[in-house]
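Inspection log for the structure reproduced underneath, given as structure tokens.
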Amino acid sequence: MELVKKIGFVLLGLFIILNWGLIMSGIIRKIIARLGMRRGIKVFQPYINLIKNYSIRSQISHGVMFYLGPVFRLSGGIGIFLFMPLIHGSELWSNFSFTGDLILIAYFAFFGMLGMALGAGEGGHPYSAIGISRGLAQFTAIELPLTLAIISIAIQYNTLSISEIVAAQQGGIQNWTLVTNPFATVAAMISFLGAMGHSPFSVVMAPQEIPIGPPTEYHGTFLGILQTNRAILHVIEAVLYMNLFFGGATNWGILILKSFLVYFWSVFVGMVFPRFRVDQSIPWLLKLPVLIGIIAIALLII
Amino acid sequence: MSLSNKNEQEKNIRVTEDKFLAPENRKHTVIGPGGEEIFVDPLNDYFCTEKPKVEKPYKGILEKFYNWARAESLWVLGYGTGCGSIELPPLFSPRFDAYRFGVAMRPTPRQSGVFIISGYLAVKTLKRVIRSYEQMQNPKYVIALGSCTINGGMYWDSYNTINRLDHYIPVDVYIAGCMPRPEAILSGFNRLKEKIKEGRAEGANEYIEKLEWYKANQKKIIKDWNMPDYNW
Ligand code: SF4
């Protein structure tokens, strides 16, 4: 009975996160449009696009791995969700989090990307292959500052459990990692820019460069799955950063507000700065952010 | 007929049918890793030769709902053919802002549902248009822009352009003018939306039903046909 209830709440949480992800991307697109003096899309346009993609009548397949690519990507997104505590202090909204979930989540973030690489590779489109190799190269560089930041806060709180890290930050802003370990926060927030794929690091998916990179061959339901995953992933990654650095959330209202603000940080930077090429972004990521990450660890050890 | 004579004849046939193919697409033998010779016919071996099928629409309220979603989310293939394509970029500028109608550009034919033929079609371009159109997935819609696509326009007697677009691919909406302004294109989008919502925009199925007629017309114009019959 306990388990059934638990699974019910996990599914409900997934449903809320998915819808918040779709609405959030609509709101963000609207804000970007207003910045450009346009009316912009309808807020519910992401839903319509999703329904449209699921309603395409014919699909082309290139083989088994081509099918599995989006599935792997989706399981990467849902995998992160499954082990992420959403609301602090609530047994039911903490999903399947356990001691050590932080490592598993870092693994799942890469897992989806790899599955996508295999699928897009089998698509046979040269642009997919170029896109995926650039994407993986950049993603590896993006992971490095984040990993250093995670090591730093693992040393700081002496745990790898997200729930315990959130618990240690309760009691006001002065306890947030943002204040207690600013170097780790800065390194991780730079890495967040890359993970969200907005401007300085958006070259992988940029329509102007090579036709949209990895998903070039994906259409219809395949693309629908990728879009579903994107909606989940954007929110859940923002929730991860919120949990690690900004004190977590004690109810859904705070979760929605904080995840929006964390996500908006990447949109804000994306609107202000132009795009890096891959050969510029990787060296940039490997210099300053990595240095900040190392300082964050060194300060704790000394 | 002697053997050598026959061989010669076969060689001649091969040369004529391979004349337009790129070297890597001609029939040839490759040496395998173990030294064995493998004969490949790229057009049959590397490309899908299956014939396309008519995809029946769903019935009743489900199809209505889907048609509403398809109409409200028109993804346009970013492909410009004639001078009319210069009118497409302004559509996405703050002044005309086609995004508010659910119109967006996609850079790949796989993901897009609307093909705007933006003007005259040179014979060379027609081939690319056919390839791109066939790679788009059912349902797909075609908007023909400018008088060149209706009857040839001012290129009516050109040696190098086609006159009537709907002899080569099915067209859903024509937008007349030389060249039509972005407002006219926006109204064309709205006309297309009405058509989709009424369930009358079945160009993709029509193309497959009358494939032979379309193919015959296309091959009449494209003399150097060097691709599979249907480009999946
Ligand atoms: S209709 Fe006019 S503007 Fe359009 S392609 Fe033809 S000549 Fe150019």
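The table below lists the values:
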item: Cα-based reach from residue B:223 at 17 Å (exclusive), listing aspartates and glutamates while leaving out same-chain residues under 8 positions away; result: B:17, B:18, B:212
item: Using alpha-carbon coordinates, inclination of helix A:252-272 to the longest axis of chain A, degrees; result: 60
item: Top of B:88, B:62, B:192 by mean-square fluctuation, Gaussian network on chain B, Cα under 10 Å; result: B:62
item: Distance (nanometres) between label positions extended 7 Å along Cα→Cβ at residue B:160 and residue A:164; result: 7.4
item: Computed over chain A: relative contact order in percent, which uses C-alpha pairs under 8 Å that are six or more apart; result: 26
item: Nearest 10 degrees, 0 to 90: helix A:278-301 Cα axis against chain A principal axis; result: 20
item: Value of relative contact order over chain B, rounded to a whole percent, pairs C-alpha under 8 Å and six or more apart; result: 20
item: Candidate lysines for bridging to residue A:42, where Cα separation is under 18 Å - those fewer than 8 sequence places away on the same chain excluded; result: A:30, A:52, B:193
item: Solvent-accessible surface ranking, highest first, for A:20, A:265 at 1.4 angstrom; result: A:265, A:20
item: Solvent accessible area, Å² - residue A:180, 1.4 Å probe, full protein context; result: 70
item: Cα-based shape type of region A:1-76, given that a ≥ b ≥ c are square roots of the gyration tensor eigenvalues and the cut on a/c is 1.5; result: oblate
item: Nonlocal amide H pairs with residue B:105, under 5 Å, H built at 1.01 Å; result: B:76
item: For residue B:128, solvent-accessible area (1.4 Å; no DNA, RNA or ligand), Å²; result: 110
item: Anchor residue B:27: lysines whose Cα lies under 16 Å away (excluding residues fewer than 8 positions away in-chain); result: B:11, B:19
item: Mean accessible surface per residue for region A:2-301, computed with a 1.4 Å probe while every protein chain stays in place, in Å²; result: 41
item: Under 5 Å, built H, 5+ apart or other chain: amide partners of residue B:174; result: B:144
item: Region B:74-91 and region A:245-291: distance between their alpha carbon centers, rounded to Å; result: 34
item: Label-point separation in nm, residue B:187 to residue B:54, each point 7 Å along Cα→Cβ; result: 3.5
item: Heavy-atom accessible surface of the protein assembly as shown: percent carbon and sulfur, 1.4 Å; result: 64
item: Per-pair calculated FRET efficiency, R0 = 45 Å: residue A:5 and residue B:226 via Cβ, rounded to 0.05; result: 0.10
item: Approximate spin-label separation residue B:61-residue A:287, in nm, with each point projected 7 Å along Cα-to-Cβ; result: 6.2
item: Exposure ranking of B:55, B:87 by accessible area [1.4 Å probe, largest first]; result: B:55, B:87
item: Heavy atoms of residue B:24 accessible to a 1.4 Å probe, total area in Å² rounded to 10; result: 120
item: Most fluctuating residue given options B:158, B:85, B:118, as computed from a GNM of chain B linking Cα atoms under 10 Å; result: B:158
item: Probe 1.4 Å, protein heavy atoms only - accessible area per residue of region B:51-148 in square angstrom; result: 38
item: Amide proton proximity set for residue B:231, modelled H, under 5 Å, gap of 5+; result: none
item: Per-residue ³J(HN,Hα) for region B:49-58, Karplus 6.51 cos²θ - 1.76 cosθ + 1.60, θ = phi - 60°, Hz, x for Gly and Pro; result: 9, 5, 7, x, 10, 6, 9, 5, x, 5
item: Per-residue ³J(HN,Hα) for region A:229-235, Karplus 6.51 cos²θ - 1.76 cosθ + 1.60, θ = phi - 60°, Hz, x for Gly and Pro; result: 4, 4, 4, 5, 4, 4, 5
item: Folded to 0 to 90 degrees: helix A:182-196 orientation relative to chain A principal axis, Cα; result: 10
item: Max mean-square fluctuation residue, GNM over chain A, Cα-Cα springs under 10 Å, options A:249, A:117, A:168; result: A:168
item: From phi via Karplus (6.51, -1.76, 1.60), per-residue ³J(HN,Hα) for region A:102-113 in Hz, x at Gly/Pro; result: 4, 5, 4, 5, 4, 5, 4, 4, 7, 4, x, 4
item: Summed buried accessible surface, chains B and A, 1.4 Å probe, nearest 100 Å²; result: 2600
item: Calculated FRET value between residue A:277 and residue A:299, using beta carbons and R₀ = 56 Å, to 0.05; result: 0.95
item: Alpha-carbon centroids, region A:13-66 and region A:67-119: separation in whole Å; result: 21
item: Accessible-area order (highest first, 1.4 angstrom probe) of the listed residues A:88, A:234; result: A:88, A:234
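The values are calculated or read from the model by the stated rules, or taken from the named source; none is laboratory data. Keep in mind it's a predicted model, so treat the numbers as computed, not measured. Heads up, the Cβs are rebuilt from the backbone with ideal geometry, glycines too, and the neighbour counts pull from every protein chain shown. Only protein heavy atoms, including side chains, enter the accessible area calculation; ligands, DNA and RNA are left aside. Shrake-Rupley method; radii C 1.70, N 1.55, O 1.52, S 1.80 Å.
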